[in-house]
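Notes to accompany the following structure.
Read-outs throughout are calculated quantities, based only on the coordinates presented, and are distinct from any laboratory measurement. None of these values were measured; they are calculated from a predicted model. Positions of Cβ are generated from backbone atoms using ideal geometry, with glycine treated the same way; all protein chains shown enter the neighbour counts.
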Amino acid sequence: MSDIVLKVGNLAAAYRKNTVLENVSFEINSGSLTGIVGPNGAGKSTLMKTMLNLHPSLQGTVSFFHSSLEKMKKRIGYVPQRGSVDWDFPTDALDVVTMGLYGQVGWFKRASSAHKRKAYEALEKMGMADYANRQISQLSGGQQQRVFLARALVQEADLYFMDEPLAGVDAATERAIMKTLQELKSIGKTVLVVHHDLQTVTDYYDHVLFLNRTVIAHGKTKEVFTRNNIAKTYGGDIRWLGEENGYGLYPVK
Amino acid sequence: MTYTGWIIMTASLVGLSCGIIGVFLILRKMAMMADAISHTVLLGIVTAYLVTKELSGIHMLVGAIIAGLLTAFMVQWLHTLGVQEHASLGIVFTTLFAIGVILIATSVGNAHLDVKHALMGEITFIPWERMALPVIGEVPKATALLALIVMFVTFCIVAFYKEWKITTFDPALAASLGIPVVFMHYLFMCLVSVTTVASFDAVGAIMVVAMLITPAASAYLWTDRLSIMLLLSGSFGVIAAIAGYYIAAFMDTSISGSMAFATGLVFLFSFLFSPKHGLFASRGKLLKGNLKF
């Protein structure tokens, strides 16, 4: 029943002349929630951008739903890093969410009230209804991330790419976001998340992909989230916190 | 229309088109690109003149568009080769501008095309060169061209309003939704180029930067909505243009200089008194905040 929705073959990418990714190959099954982990500079964000053709690839193939990116664009949702946009832009939260619908609105047309309503409902779902008309620079980091999540929800994609959605957010937002991701998974959507906190991986994701310029390990979290793989990915420098069978720190619940 | 009327009309059209385009220059953080393109269009105009031996509107426009796109493209290209973005901007536009200056000084220098005119503009000459239009009658050529540009720019901005908004705010999302971000970027460079070249006769290459950047930067201080910012910026441009004319008439000085000066006054006023981001407003907020503690 689990169908392959994303297949990456031998992908490579570079910034200027430095190779950031090489020989990256993996497959993602539908309905999975995958955390992509690796040290800084491992190429996690670059991998996402390269798969989505937002960054040029040197070689390799990426197929979505057994087809090409061009044909499947409408089924794919991308949430960039919060820091990648200028939050001083003159617009409000509702408008940012509505932008997620621009692909559906079409050229020469304006977003209708039905679109606006849909955007508002997505904000409501993320607990942001009260902030719909708030200028985006006046939102906290967590609130901004919720707006981004709401924008992804209105796209009603089948496959989501999220670049560090939990970076710099408060505990309540982290809970709200993870709950939303779990819900997406439960209705059969596939989600890939760039994640930076090893402590929470086992609680949040059913699959994990270790990345450090290439795929170190990939599979069910239960099977591949091992010390050995972590050490291989992070170069063995990681300091172990806590005891043998707990990591000392616990995720927010 | 009277001589004065045409000058004010021309200046207002410059203020309007530059004001609208300026909003996206500011929001796309490309203010310096305006500076660059305002200079390199000179090369476009000179080259167009060399090729066609004519100094008419359409040739100038085509030359300017090519020069503008060339600038944007070369800056991008140098940047990908590892040159700092602002450094590559500085290298490209000064080099292209210098070629324009050399060409003017050697082979095409005549009454219509000289460096001083290109840099400072001479709006007082505009009403003399007229053309006959059906229905409207005799219209200065530069004014007619500007009116056309204003209509074209406004059409492009309104028709693709949401595309401009999303490619400016979040180009990565725009690209993932299938909106042609790169095409929109170069289309915008075209708009900047035609606006600049149409304003050239009136205010020249240096003052056009003031008209492009300052009204938009002022409008940014007054509102949190893009559509309002566009309206405000266009209005500020027109106000500065008209005020500039009267300042110049009163002090008997350069009109383009006075217009640019007037945009500075608009900005100063906004900077001090804007209710949202003005100096006094934030001072007030600070005081109120302090009182709470």
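Mind scanning A:Lys125/B:Lys165; A:Lys44/B:Lys276; A:Lys185/B:Lys276; A:Lys44/B:Lys162 and naming the pairs with a C-alpha gap bigger than 32 Å? Mind showing how you got there, number by number?
On the way: A:Lys125/B:Lys165 25 Å; A:Lys44/B:Lys276 39 Å; A:Lys185/B:Lys276 42 Å; A:Lys44/B:Lys162 30 Å.
With Cα atoms farther than 32 Å apart: A:Lys44/B:Lys276; A:Lys185/B:Lys276.
Using unit Cβ charges (K, R positive; D, E negative) and no other charged atoms, how large, in debye to the nearest 20, is the dipole of the protein assembly as shown about its Cα centre? Provide the component values of the computation, followed by the final result.
On the way: 44 positive and 37 negative charges, 179 e Å.
Using only the charged Cβ atoms, the result is roughly 860 debye.
Just add up the charged neighbours of A:Glu121: K/R +1, D/E -1, any other residue whose Cβ is under 13 Å from the Cβ of A:Glu121. Please report the intermediate quantities before stating the final value.
Values: positive: A:Lys116, A:Arg117, A:Lys118, A:Lys125, A:Arg151; negative: A:Glu124, A:Glu156.
It works out to a net charge of +3.
Would you kindly calculate the mean projected area, averaged across all directions, of the convex hull enclosing the Cα atoms of chain A, in square nanometres?
Numbers: hull surface 58.3 nm².
If you wrap the Cα atoms of chain A in a convex hull and average its projections, you get 14.6 nm².
List B:Tyr161, B:Tyr220 from most exposed to least, where exposure is judged by having the fewest other Cβ atoms within 10 Å.
Values: B:Tyr161 15, B:Tyr220 23.
Lowest count first: B:Tyr161, B:Tyr220.
Say we join alpha carbon atoms closer than 10 Å with springs in a Gaussian network model of chain B; which of B:Leu69, B:Leu232, B:Leu55 then has the biggest fluctuation?
Per the Cα network of chain B with a 10 Å cutoff, B:Leu55 tops the list.
Using a Gaussian network model of chain A with C-alpha springs under 10 Å, which one of A:Thr200, A:Thr46, A:Thr233 is most mobile by mean-square fluctuation?
Fluctuation is largest for A:Thr200.
Can you say what percent of the DSSP beta bridges in the protein assembly as shown, counting only those with both residues inside, are antiparallel? Round to 5.
Working: 26 of 43 bridges.
If we restrict to bridges inside the protein assembly as shown, about 60 percent are antiparallel.
Roughly what angle does helix A:141-154 make with the longest principal axis of chain A, taking Cα atoms, 0 to 90 degrees, to the nearest 10?
80
Using Cα centres only, tell me the gap between segment A:140-214 and segment A:57-93 in whole Å.
Rounded to whole Å, the Cα centres lie 15 Å apart.
Write down Rg/Rh for segment B:3-216, rounded to two decimals, with Rg from the C-alpha atoms and Rh from the Kirkwood relation over Cα pairs.
0.98
For B:Ala31 and B:Leu279, calculate 0.36 nm times their separation in residues minus their Cα-Cα distance, and state this gained length in nm to one decimal. Intermediate values should be presented prior to the final figure.
Values: separation 248, 0.36 × 248 = 89.28 nm, distance 2.26 nm.
Full extension of this stretch gives 87.0 nm more.
Name the residue, out of B:Leu230, B:Leu146, B:Leu221, whose mean-square fluctuation peaks in a Gaussian network model built on chain B with Cα pairs under 10 Å.
In the Gaussian network model the winner is B:Leu221.
Roughly how crowded by other chains is peptide B:160-166, in terms of the mean Cβ count from those chains within 10 Å of each of its Cβ atoms?
Other-chain Cβ atoms within 10 Å of each residue's Cβ, averaged: 5.
Note down the net charge around B:Asp224, summing +1 for each Lys or Arg and -1 for each Asp or Glu among other residues with Cβ under 15 Å from its Cβ. Before the final figure, lay out the partial values.
Values: positive: A:Arg134, B:Lys165, B:Arg225, B:Lys276; negative: A:Asp86, A:Asp88, A:Asp92, A:Asp95.
With Lys, Arg at +1 and Asp, Glu at -1, the neighbours total 0.
Going 7 Å from the Cα of A:Lys74 toward and past its Cβ, which residues in segment B:168-195 have a backbone nitrogen under 20 Å from where you end up?
B:173-181
Enter the angle in degrees (range 0 to 90, nearest 10) between the Cα long axis of helix A:171-186 and the first principal axis of the Cα atoms of chain A, meaning the one along which they spread out most.
90
Would you list the membrane-span-like helices of chain B, meaning whole DSSP H runs whose alpha-carbon atoms span at least 18 Å along their axis and whose mean Kyte-Doolittle value is at least 0.5?
Details: long enough: B:3-27 (37 Å, 1.93); B:31-52 (32 Å, 1.49); B:57-80 (34 Å, 1.49); B:85-103 (27 Å, 1.73); B:141-159 (27 Å, 2.36); B:181-222 (27 Å, 1.72); B:226-251 (36 Å, 1.91); B:255-273 (27 Å, 1.88); B:279-292 (20 Å, -0.11).
What comes out of the filter, once short or polar helices are dropped, is B:3-27, B:31-52, B:57-80, B:85-103, B:141-159, B:181-222, B:226-251, B:255-273.
What distance in nm separates the simple spin-label points at B:Ser227 and A:Ser140, each placed 7 Å from Cα in the Cβ direction?
With each label point 7 Å from Cα toward Cβ, the separation is 3.2 nm.
Considering only B:Thr196, B:Thr168, B:Leu69, whose Cα is most displaced toward the positive end of the charge dipole of segment B:3-216, charges sitting on Cβ of Lys, Arg (+1) and Asp, Glu (-1)?
Working it through, the farthest residue towards the positive pole turns out to be B:Thr168.
Take every residue in peptide A:102-109, count the Cβ atoms of other chains within 10 Å of its Cβ, and give the average of those counts. Let's see the in-between values first.
Details: counts 10, 7, 1, 3, 1, 5, 6, 1.
Partner-chain Cβ atoms within 10 Å, mean over residues of A:102-109: 4.
Could you rank the peptides B:47-53, B:134-140, B:24-30, B:169-175 by their average count of other C-beta atoms within 10 Å per residue, with the highest value first? Walk me through the intermediate numbers first.
On the way: B:47-53: 16.0, B:134-140: 11.3, B:24-30: 19.7, B:169-175: 22.6.
Averaged packing, sorted descending, gives the order B:169-175, B:24-30, B:47-53, B:134-140.
Please compute the length gained on full extension between B:Lys53 and B:Ala98, using 0.36 nm multiplied by the number of residues separating them and subtracting their Cα-Cα distance. Let's see the in-between values first.
Values: separation 45, 0.36 × 45 = 16.20 nm, distance 2.06 nm.
The B:Lys53-B:Ala98 span can extend by a further 14.1 nm.
Dividing the Cα radius of gyration by the Kirkwood radius, what Rg/Rh value follows for segment B:68-160? Provide the component values of the computation, followed by the final result.
On the way: Rg = 18.3 Å, Rh = 16.6 Å.
Using Cα coordinates only, the ratio equals 1.10.
Which number comes out as Rg/Rh for the protein assembly as shown once both Rg and the Kirkwood Rh are worked out on C-alpha atoms? Walk me through the numbers on the way to the answer.
Working: Rg = 27.3 Å, Rh = 26.1 Å.
Taking Rh as the inverse mean 1/r over Cα pairs, Rg/Rh reads 1.05.
Averaged across the residues of B:177-184, what count of C-beta atoms belonging to other chains lies within 10 Å of each residue's C-beta? Before the final figure, lay out the partial values.
Working: counts 13, 7, 3, 0, 1, 0, 0, 0.
Taking the mean over all residues of the peptide, I get 3.
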